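Working notes, beginning with the structure itself.
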């Protein structure tokens, strides 16, 4: 999939530079991004067990319905053209969110990407906090984390490349100044758009931050739990769990969507997440880094330790 990087300053943390390039990824990687992007809170997923599972299935079905994954480069499916404008708008935003997750993992090395809406409602306690914005201000869609720090990303989905939409996105990411006292390494606007049915993307990284911008505080333990909420939900049914050793690492998984897919997690990570009251974020991420290095050549295992692949 072709993409453009723009407004990246020299000396940024991953030495990204302004250019046109192609992102290479597999079907498994794209499907896993659909599964993991922008999760609801951990408590929400488990309170609404049945509907949460159906929502996961819905996301996978949406991707398969509107992206033709048999073609290279990827194209929008014929089904998309039959939708009315309001339906196309909703589908475009969903697809942009999925590709935002994919780009954030493969280009920015982001392990955990969560929708900022979750943290307006669930930071440190059930009451949440109010994110203060000045009149007319909007904030970015997503915040992401890895061992190098935080990123902020605004996701846009359009039929055509839309410079006005990009400019609006730039204003949104400028409205986030700090996360847990640290300036984000990147503040990205990512727009996915169609060009003769082919999917393209542009990523912008503005330098400025507005004077009156958000200083966000996030409980990192809760952030990680929220990210893994869907996989914990599916692995919660111990009667369905299966085991497999991959690259000499033990994984547990379940069959998903009428045995069409396999979804799972490294067992050591699962065991640490189960020990909720004794969870140690630093210990967890150190173990995850070891697993990612050991499984780096396996396309169906992400840098979050999650398995997602077709059950062939």
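The values are calculated or read from the model by the stated rules, or taken from the named source; none is laboratory data. Not measured: the values here are computed from a predicted model. We place every Cβ from the backbone using ideal geometry, glycine too, and count neighbours over all the protein chains shown.
Return yes when residue 283 is touching a residue at least 24 places away in the same chain (Cβ under 8 Å), outside the structural domain of residue 50 (by TED's automatic domain parsing) and either part of a strand (DSSP E or B) or in contact with a helix residue (DSSP H, G or I) (Cβ under 9 Å, 6 or more places away or on another chain) (or both) and no when it is not.
Values: touching a residue at least 24 places away in the same chain (Cβ under 8 Å): no; outside the structural domain of residue 50 (by TED's automatic domain parsing): yes; either part of a strand (DSSP E or B) or in contact with a helix residue (DSSP H, G or I) (Cβ under 9 Å, 6 or more places away or on another chain) (or both): yes.
No.
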field: Qualifying residue in region 218-226 (condition: assigned by TED's automatic domain parsing to the domain that holds residue 51, assigned to a strand (DSSP E or B) and at pLDDT below 85)
entry: no
- request: Quick one: in region 78-110, of everything that is farther than 16 Å from residue 31 by Cα and in contact with a helix residue (DSSP H, G or I) (Cβ under 8 Å, 6 or more places away or on another chain), which residue is surrounded by the most Cβ atoms within 10 Å (Cβ to Cβ)?
  value: 110
query: Hey, does region 188-211 have a residue that's surrounded by fewer than 20 Cβ atoms within 10 Å (Cβ to Cβ) and farther than 21 Å from residue 156 by Cβ?
result: yes
message: Would you confirm whether or not region 233-247 contains a residue that is buried (at least 20 other Cβ atoms within 10 Å of the Cβ) and under 24 Å from residue 309 (Cβ atoms)?
response: yes
- request: Output the residues belonging to region 121-154 that are modelled with pLDDT of 75 or more and assigned to a loop (DSSP other than H, G, I, E, B).
  value: 139, 140, 141, 147, 148
